[in-house]
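Everything on this sheet refers to the single structure shown next.
The values are calculated or read from the model by the stated rules, or taken from the named source; none is laboratory data. This structure is a prediction, so every number in the text was calculated from the model and none was measured. Neighbour counts run over all protein chains shown; Cβ positions are idealised from the backbone, glycine included.
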Amino acid sequence: MSLEKKIKQDLTEAMKLKDEERVSSLRLLASAIKNKAIEKGVKKDEEIGDAEVIKILKSQIKQLRDAAEDFAKAGREDLVEKNKRETDLLSQYLPEEMSADAIREIVKKKISEIGDVSSSDFGKIMGLVMKETGDAADGSVVKKIVQEEINK
């Protein structure tokens with residue numbers, strides 16, 4: 001079953017169960033998926049594909065995390081918790097992410113391939129690592145590890 005169909009099925013189930021928080025989160029996600037499909041000119045009965053849905057999911061999750069940081073600064077713990085629950089819900093649809101150790105090994109391999117690196121090579125290394133890891137690694141985790149390894 002495609003990711004898009006799974007999300008729609010889960011939305012229908014949440015509506016039947018009257019799980020308002022879940023319905024709200026999944027409706028926003030379904031809306032973002034539909035907007036992307038319209039943007040790409042996908043026909044009504046076709047789907048945009050799992051890779052595109054994963055990009056949308058990651059974008060939504062990033063927005064929620066950024067908002068949670070702002071809410072925390074404003075002292076709105078209730079909204080921080082709500083965003084955390086929504087982030088956890090959306091994260092269920094993402095594929096398993098690589099461990100930090102696995103990412104670190106890839107970073108070390110790319111650095112050794114390049115040779116002598118400096119902080120000016122950061123973008124080059126990030127690009128190589130992200131190309132190899134694809135959707136399996138969180139960009140912020142990769143960034144942190146690349147910075148650590150370059151600064152050794």
Please verify whether E132 is within 30 Å of R22 (Cα to Cα) and not hydroxyl-bearing (S, T, Y), treating the condition exactly as stated. no
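Can you go through V80, V23, V42 and tell me which one is farther than 21 Å from M1 by Cβ, more than 15 Å from the chain's Cα centre (by Cα) and outside the structural domain of I145 (by TED's automatic domain parsing)?
V80
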Any hit, segment 138-149, residues being basic (K, R), touching a helix residue (DSSP H, G or I) at 6+ places or on another chain (Cβ under 7 Å) and not assigned by TED's automatic domain parsing to the domain that holds L28: yes
If S91 satisfies every condition in (1) at pLDDT 85 or above; (2) over 19 Å from the mean Cα position of the chain (by Cα) but one, which is the exception? (2)
Taking the criterion of being in contact (Cβ under 8 Å) with a residue 40 or more places away in the chain and loosely packed, with under 12 Cβ neighbours inside 10 Å, would at least one residue in segment 125-145 satisfy it? no
Condition test on A32, is it part of a helix (DSSP H, G or I) and closer than 20 Å to K82 by Cα? yes
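So that you can scan it fast, the table gives a plain yes or no per residue for (1) farther than 30 Å from V23 by Cβ; (2) in the same structural domain as L11 (by TED's automatic domain parsing); (3) not acidic (D, E):
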site	(1), (2), (3)
E46	no, yes, no
A68	no, yes, yes
T87	no, yes, yes
S112	yes, no, yes
Matching option when the condition is in a helix (DSSP H, G or I) and modelled with pLDDT under 95, among K43, K16, K62: K62
